[in-house]
Structure formats: C-alpha cells, structure tokens
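Student: Questions regarding the structure given below will be posed in turn.
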Amino acid sequence: MKRPLKIALCILLFIILSMGSGFYYVFRGLNDPLVPNSDQNTSSTDEFIKGGRQNILLLGMDAGTIGAKEEHNRHRSDTIIVVSLDKKNKDVKILSIPRDTRIKIGGYGIQKINAATAFGGPDLAVKTVKDFLGVPIHNYVAVKLSSFRNIVDVLGGVEIDIKERMKYTDPVGNIYIDLHPGQQLLDGDKAEQFVRYREYPDADVGRVKAQQQFMEALIDKALRPATILKLPKIIDVVQENVETDIQPLEFASLANFGRQIKQDDIKMYIIPGEGKYISGTSYFLPFQNQMNEMIDEIFFDDGNIKVAVLNGNGAKGVASKVATELESQGFKVVTVANADSFDYDTTTILYPKDKKSDAEKIAEVLTQARLEEQEETDKRIDLPTIIVGKDVN
C-alpha cells in the first residue's frame, strides 16, 4: 500500500470516530515526521502495552475568548471523548464525558472538566481525564473548532433528523443557533450549531446525545464510496488544525485497523449522572457506582486481573518487560510508570486487603517478588501494584 493511501485511511478512521466539535486525526506533515514541541511534556501519556486496548483522548476545542490574540487565547474543550481501540478483537468503544463534569483539577481546585485545556493544554487534560476515569491514556488528539465546519463542507454536508426547534443566541460567546425540526442536510455552519446547542431538559446529557446522533450520521457519510475521493481536500483542511502526540510509526497499524472496522463494531457510552447547580454554577455530577461499572465494561471487560507495574530500579524498559510477561499470562496491565524512587532492592507486589487472591496469582508468575498488604490507613492504591526492584534486570 502506498504511503499517501495509508495516511488517507488514518484520516478516514478518525472521521468515523469523530464527534461534537470535530476530532479529525491528521498527519500534519505529509513529508516530514512529527516532531514534538520542545516545551511539550511528552511524558503526559501512558506507555502502550502491545495487545491491550489503546485509549485516545479526543478534544474538540472551543473558540476561546472572542477578540483575544491567538497566542494568548485560552481554549476550553467543548467536547471530550475517550476512544478505546481493541485491535485484537476489532472493536471500538467511545466514552463521552460531559464538558460540565464537576472535578478537581490538580493545582486549580474544583472546576468543570473542560477547563483543563484552558489551564494546561492537552497535557493537563490527559492527566485530568486519566485521574477521573482511572484508566491509562496513551495518546491525545486536539482539534480546533474551525476544522469541524470546514470538514463537513468538504464532505458535502451531513444528513440529520433534527428532533426539536433549536434557537439560542449568545453574542458574548459568538453563538447563534437557529435550526428547525426535520430531516435535512447540514452544512458546516449548521452542523456546528447542532452540536453546540445545549438548551435541553437534561442539559449536558442531552447535548452529548445529540452529538452522538451527529456522529452516527457522520459515520454513514464517511463510509460512502464517494468520500474516499474527497480525502485529499480533507487533508488540506485539517492538517494545520490538529495537535497530537501520535507519532508516524503509529499510522500503518491505525490505518490497517481502520480498514477492518465496521459500523457495528463501534459502541458509544455517556458518563451516567445528572445536572445540578452548586453555588450558582451548573455542573454535571456523575453517578459514581454506575460510572465505575461502565468503566469496567469499556476498558476492562475481559475478566482478567488488573495490575499496575512501576519501575523501582531505574533500568530502562524493565517495567515494560515485566508488563509484557504478565500480559502473556492473561493479566491486564493498566499502568506502566516510574515508582516514587529507583531505590527498591526487592520486587514487591503491594495490594489492598480485598485483592489478596489477585496478588497471590501474580506472585505465581513473579516468583521472586514479595507480597505486601497495604496498610488500612493507606488508600493510595486500589489494585495490585508491582514495584520492580533491583533483583530484576
């Protein structure tokens, strides 16, 4: 397969996986490799373990402060979703996170989750979503709002059955929405109105449901044979409007995966919860127990024991080596990272009291490791965590 076609397939993949403010995966330099910005924290995303799910955070940025110079503008994420890809089983699960979700953002206190990008860009958004869901985030894609309008126009519009009258004006936010009910072809401007409208009885949840409706229509349009002929124009439209940490070597596997995905292979979810006003501010409050069950279904539905692996001896790649061994034995490695120091002499399996049996099964694989139950007062971990010591190299 020629390289341009691989690139085109990758873009088509992320058109199919796109929603809301528009998330379009694009190779920004068709001839030059992607080079991360020197001031960018490239360690913000987790290491991907081969054979596991790949979780990609997609961020659709809003217009920011109207009239502000772009270099000083602070964009919030108008839409936030995590796309979880299982290349082995050929399935895609998409989790939408309402933008008004009330959450604690490190260094900024209680905020709406969409403020993370305004405070710290995609890096802080990755960390915030990772902490909120308790799952690894391997990559991110952030897309400007203007890309959404233009891509819909290049596709020739998207057909949507609008269920209710949509009319809303916010001159300060530069939002002007005026749509009538009925089946119709939406151009870029009207499509943006549709996905940004939020005057629903169930507030942010209604908005996310409408965005998912739009996504289904976009999938239908993107899968039509005529779309492949428009991919060169799509590339031109979006290649300057995307920020991502996905490297060129990922393109071939993503392209191949995209060609195998069918519409029935894609499942969509919304964080369960309700809208409430707190101190005069509208928030979305998740139902924690239901959310935990949903997270297990999306990210950990294979029934395997979940485990974290931390590098405690400083040797390069040692945590990944242990993680790969565990994956080969059927364990689900959800985190690979560094420990709090590199001074651990003995490999240790630290576990909460209710996970003792899981820890013992891990010890059957890592026979040199010692078991250590977490203190009752220490609630820092909720699953078996392996700290790789100097006895492993």
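Student: As an exercise, use a Förster radius of 51 Å and the Cβ-Cβ distance of Phe119 and Lys90 to find the FRET efficiency, rounded to the nearest 0.05.
Tutor: Rounded to the nearest 0.05, the efficiency is 0.85.
Student: So which trypsin sites (Lys or Arg not before Pro) in the stretch 307-380 end up in coil per DSSP with only 11 or fewer other C-beta atoms within 10 Å? It would help to have the intermediate numbers written out before the result.
Tutor: Details: sites: Lys316, Lys321, Lys332, Lys353, Lys355, Lys356, Lys361, Arg370, Lys379, Arg380; in loops: Lys316, Lys379, Arg380.
Within the stretch 307-380, the qualifying trypsin sites (Lys or Arg not before Pro) (loop, at most 11 other Cβ atoms within 10 Å) are Lys316, Lys379, Arg380.
Student: So if each residue of separation counts as 0.36 nm, and I subtract the Cα-Cα distance between Asp170 and Gln260, what length gain in nm does that give? Don't skip to the answer; put the middle values down first.
Tutor: Details: separation 90, 0.36 × 90 = 32.40 nm, distance 4.26 nm.
Residue separation times 0.36 nm, minus the Cα-Cα distance, leaves 28.1 nm.
Student: Further, regarding this structure: As a quick test, which of the pairs Lys93/Lys355; Lys104/Lys127; Lys90/Lys233 have an alpha carbon distance above 20 angstrom in this structure? Let's see the in-between values first.
Tutor: On the way: Lys93/Lys355 27 Å; Lys104/Lys127 11 Å; Lys90/Lys233 29 Å.
Beyond 20 Å between Cα atoms: Lys93/Lys355; Lys90/Lys233.
Student: Let me test this: with uniform point scatterers at the alpha carbons of the stretch 152-230, what is the Debye-based log₁₀ I(q)/I(0) at q = 0.16, 0.19, 0.27 1/Å?
Tutor: The calculated log intensity ratios at q = 0.16, 0.19, 0.27 Å⁻¹ are -0.60, -0.81, -1.37.
Student: While we're looking at this one, here's another question. Would you kindly state how much longer the chain becomes between Asn393 and Gln329 on full extension, computed as 0.36 nm times their sequence separation minus their alpha carbon distance, in nm to one decimal? Working shown, then result.
Tutor: Details: separation 64, 0.36 × 64 = 23.04 nm, distance 1.94 nm.
Contour length minus the Cα-Cα distance gives 21.1 nm.
Student: Check the straight Cα-Cα distances from Lys321 and name the aspartates and glutamates below 13 Å, setting aside those fewer than 8 residues away within the same chain.
Tutor: Glu47
Student: Let me ask something else. Along Cα→Cβ, 7 Å out, is where each label goes; now give me the distance between the ones at Glu47 and Lys276 in nm to one decimal.
Tutor: In this crude label model, Glu47 to Lys276 measures out at 4.1 nm.
Student: For the stretch 114-222, calculate the relative contact order in percent as a whole number, restricting contacts to Cα pairs under 8 Å that are 6 or more residues apart.
Tutor: Working: 117 pairs, mean separation 22.2, N = 109.
Taking the mean separation of contacting Cα pairs over the length of the stretch 114-222, I get 20 percent.
Student: Ok, one more. Under the rule a/c < 1.5 gives rounded, and otherwise a/b versus b/c splits prolate from oblate, where does the stretch 306-388 land using the Cα gyration tensor? Please report the intermediate quantities before stating the final value.
Tutor: Values: a/c = 1.59, a/b = 1.15, b/c = 1.37.
Oblate, because a/c is 1.5 or more while a/b does not exceed b/c.
Student: Between Tyr200 and Thr367, what FRET efficiency follows from the Cβ-Cβ distance if R0 is 56 Å, with the result rounded to 0.05? All intermediate terms of the calculation are to be shown ahead of the outcome.
Tutor: Working: r = 56 Å, r/R0 = 1.00.
So, using R0 = 56 Å, E works out to roughly 0.50.
Student: Whose amide H sits under 5 Å from the amide H of Gly273, counting only residues 5 or more places off or on another chain, with H placed in the peptide plane?
Tutor: Phe287
Student: How far apart, in nm, are two points set 7 Å out from the Cα along the Cα-to-Cβ line at Asn338 and at Phe287?
Tutor: About 4.2 nm separates the two model spin labels.
Student: For the stretch 345-358, in order, what is each residue's ³J(HN,Hα) by Karplus, 6.51 cos²θ - 1.76 cosθ + 1.60 with θ = phi - 60°, in whole Hz (x at glycine and Pro)?
Tutor: 7, 10, 5, 10, 9, 8, 9, x, 4, 7, 10, 4, 5, 5
Student: Counting only DSSP beta bridges with both residues in the stretch 306-388, what percent are antiparallel, rounded to the nearest 5? All intermediate terms of the calculation are to be shown ahead of the outcome.
Tutor: Values: 3 of 17 bridges.
Beta bridges within the stretch 306-388, antiparallel portion: roughly 20 percent.
No value in this document is a laboratory result; all are computed from the given coordinates. Note that the structure is predicted; figures quoted are calculated from it, not measured. Glycine gets a Cβ as well: all are built from the backbone with ideal geometry, and neighbour counts include every protein chain shown.
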